[in-house]
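Quick notes on the structure that follows.
What follows draws every value from the coordinates through simple rules; no lab data is involved. If you're wondering where the values come from, they're calculated on a predicted model, not measured in any experiment. So basically every Cβ, Gly included, is an ideal-geometry build from the backbone, and we count neighbours across all protein chains shown.
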Amino acid sequence: MMKRRNFLLMGTLLTSGLYFSVKYVQLNDKSLETVQPIIHAVQMHLFPQNSTLPSASSVWATTYLLNAISHHSYDRKRKRFIILGALLLQEQISQDITELSTIKMESVLRQYEKSNYGKQWLHSIMELTLEVLLGDPIYGQETIPHGWKALSVNGGVPRPQKRYIYESV
């Protein structure tokens, strides 16, 4: 019979082993290339083709997300969190995430969301995807506000005139 303290210690060591295996990965432009298919697969699961809202691919959500987190004004800790979260998610499954069926992807993401880290990561991916879907088209890849049309709403007035406020920084 295992004591509660030993059980908690063992659980902590096992989960921190996964975390530390990706924590010290060197982050660079290659990191973005590595996580791009992982993030795209997750976004396509959250916003698939033929649903009420536009799909993630129809609004170029992955390109937007990677451009946003690469911008010099974006929080470096949050960028690292997003990259490491994608790597950790991929590390926790036995096959390439892009090859998962819809049912298996749902199961993987539900499992990932049970951890606080995974839950926060999925929240960040959803938030950034909704930004491009519902934000002003000046910030996204599209000139047509697909998200606005799907929800039958108009954007805010006045509309932004520049893509980034802090472009000169």
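Ile93 sits among other residues whose Cβ lies under 12 Å from its own Cβ, and their net charge, with Lys and Arg +1 and Asp and Glu -1, is -2.
Within the shell defined by Cβ-Cβ distances under 12 Å, the residues around Gln111 carry a net charge of +2, with Lys and Arg each +1 and Asp and Glu each -1.
Using Cα pairs closer than 8 Å and at least 6 residues apart in sequence, work out the relative contact order for region 40-169, in percent.
30 percent
Counting other C-beta atoms within 10 Å, which of Glu33, Glu113 has the fewest, and how do the rest follow?
Glu33, Glu113
Neighbour counting of Cβ atoms within 10 Å sorts the residues Val42, Val153, Val108, fewest neighbours leading, into Val153, Val108, Val42.
Fully extending the segment from Ser57 to Gln111 would add 17.0 nm, taking 0.36 nm per residue of separation and subtracting the current Cα-Cα distance. With 32 Å as the limit, the listed pairs Lys119/Lys149; Lys114/Lys149; Lys79/Lys104; Lys30/Lys149; Lys30/Lys162 have Lys114/Lys149; Lys30/Lys149 beyond it between alpha carbons. 3J(HN,Hα) along region 85-99, derived from phi through the Karplus expression 6.51 cos²θ - 1.76 cosθ + 1.60 where θ = phi - 60°, amounts to x, 5, 5, 5, 4, 4, 5, 7, 10, 8, 9, 4, 4, 6, 9 Hz, with x in place of Gly and Pro. Sort Val59, Val157 so that the residue with the fewest other Cβ atoms within 10 Å of its own Cβ comes first and the one with the most comes last. Starting with the residue having the fewest Cβ neighbours, the order is Val157, Val59.
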